[in-house]
1. Once the mean 1/r over all distinct Cα pairs of the chain is inverted, what Kirkwood radius in angstroms do you read off?
2. Tell me, what HN-Hα J-couplings in whole Hz come from the Karplus equation 6.51 cos²θ - 1.76 cosθ + 1.60 at θ = phi - 60° for each residue of region 153-161, using x for Gly and Pro?
3. Could you give each residue of region 121-128 its phi-based ³J(HN,Hα) in whole Hz, using Karplus coefficients 6.51, -1.76, 1.60 with θ = phi - 60°, and x for Gly or Pro?
4. Taking θ = phi - 60°, what integer Hz values does the Karplus form 6.51 cos²θ - 1.76 cosθ + 1.60 yield along region 55-68, in sequence order, with x for Gly and Pro?
5. Can you give me the Cα centroid spacing of region 381-440 and region 247-282 in angstrom?
6. What nm value, rounded to one decimal, do you get for the distance between Arg310 and Ala205 when each label is placed 7 Å out toward the C-beta?
7. Under the rule of at least 5 residues apart or a separate chain, name every residue whose amide H is placed under 5 Å from the amide H of Leu258.
8. As a test, work out the antiparallel percent of DSSP beta bridges whose residues both lie in the chain, rounded to the nearest 5.
Amino acid sequence: MPEPAPMPGPGAAAELLALDRRHVWHPYGPMPGREAPLLVESAAGVRLRLAEPVEGRDELVDGMSSWWSAIHGYGHPVLHDAAVEQLGRMSHVMFGGLTHEPAVRLAKRLVDITPEGLEHVFLADSGSVSVEVAVKMCLQYWRSVGNTRKQRLLTWRGGYHGDTWNPMSVCDPDGGMHHLWSGVLPRQIFADAPPAGFDAGPDPAYAAHLRELIGRHADELAAVIVEPVVQGAGGMRFHSPAYLRVLREACDEHGVLLVLDEIATGFGRTGALFAAGHAGVTPDVLCLGKALTGGTMTLAATLCTPRVARGISSGEVPVLAHGPTFMGNPLACAVADASIGLLLEQDWAGEVKRVESGLREGLAAAADVPGVVDVRVLGAIGVVQLDHPADMAAAGRAAAREGVWLRPFRDLVYTMPPYVTGDEDVARICAAVCAAAGAG
Ligand SMILES: *Cc1c(COP(=O)(O)O)cnc(C)c1O
């Protein structure tokens, strides 16, 4: 293997950062950028190596798994070898009229490990696109079976489903800044946010609220779409899996499809391989992304049942009219298949439980930090909620002083570490979360 090129010296780092500021958009950022990003030189195991030290650290333990995707850490040899091996064959070929082993093997594996009843796989290039495809599947299903009235979606408040138009329309209407897009976004139907607490018994009044709303709008509802068990980027809230059974029953009763967005929760993060498994529910359509390739590159998938596929394929336009240029990218599929194989061949549930215990122990101290209103842990997810917006810069510096990379948002300081994070590093992450929660 060729040696990686040497990193540019300190002057070059300053130049790169100046160019970055002038030319490069960053997520949810203004132009030119307001904050100075850290320049990452490389990543290995659970550590990011920085081109320039921050708070005296040139390495940070990654508490974010690169937005929850790098479940095996960085540079894992199994993923690396899968990528190199596939590069030797082909990195990409078009998917129209052609197929290949990596896509077929991955699709079969996804069908095997996802809830019983999901049989068909559409490979997309990002989570948001997989949600677009899910929405298209549901709307087209109803048209195809002769019902053109069912065009709207229902979700509960506090959700996040991505940044393209249809996903934005089912993001939390306040957090998702719907007011900025009034008249542009499709208008969907919002239930109240689910009552908080994974272990809290289901609230009968809330279940009745869900049933009533679905029943009242059944005529115009194509689908209900929610994140199961954990609402991620919308607020890092946990809820009782029992509400998924309520949704499944109400959808069945009223002829509405159910979409579960497991882009954040899939592949073990909540302690179940898929969060739907906490409730024993099979959706009609399932979205996967983020950890699908173990954080190596972008790939997402939308799975559906034979009923949905048959409905679409028997319609007046009997095809699903969607086909991204990089659909089924062989390189991404090969790495995804290797990543899932790697996950399943180890005691992933035990590892997630171990990280969960470490987070419970280490984050308990956060409850005593002034301004903290809630500390919650589920699987490999640890959340500290403040009574004020986090000072992102000060919190980031406080975490870096502990040798950890964290990226708080709104009133939340949280971590979703790679499952391979050792006990000492989990403790270090917890110390950093506590320090970040008290910063600013
Ligand atoms: C991240 C996320 C998305 C969007 O995925 P992208 O790959 O960022 O487009 C959608 N839904 C959920 C639940 C997510 O966490």
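Each reported figure results from applying straightforward, stated rules to the coordinates on display, with no laboratory input. In this text, all values refer to a predicted model and were calculated from it rather than measured experimentally. Virtual Cβ from ideal backbone geometry, glycine too; neighbours counted across all protein chains shown.
1. Across the chain, the inverse of the average 1/r is 22.7 Å.
2. 10, 10, 9, 9, 5, x, x, 9, 10
3. Values per residue, Gly and Pro as x: 10, 10, 8, 10, 9, 7, x, 4 Hz.
4. Per-residue couplings from phi come out as 6, x, 10, 9, 9, 10, 6, 7, x, 10, 6, 6, 6, 6 Hz.
5. Using only Cα atoms, the two centres lie 29 Å from each other.
6. 4.3
7. Val224, Asp284, Val285
8. Working: 32 of 47 bridges.
Counting DSSP beta bridges with both partners in the chain, the antiparallel share is about 70 percent.
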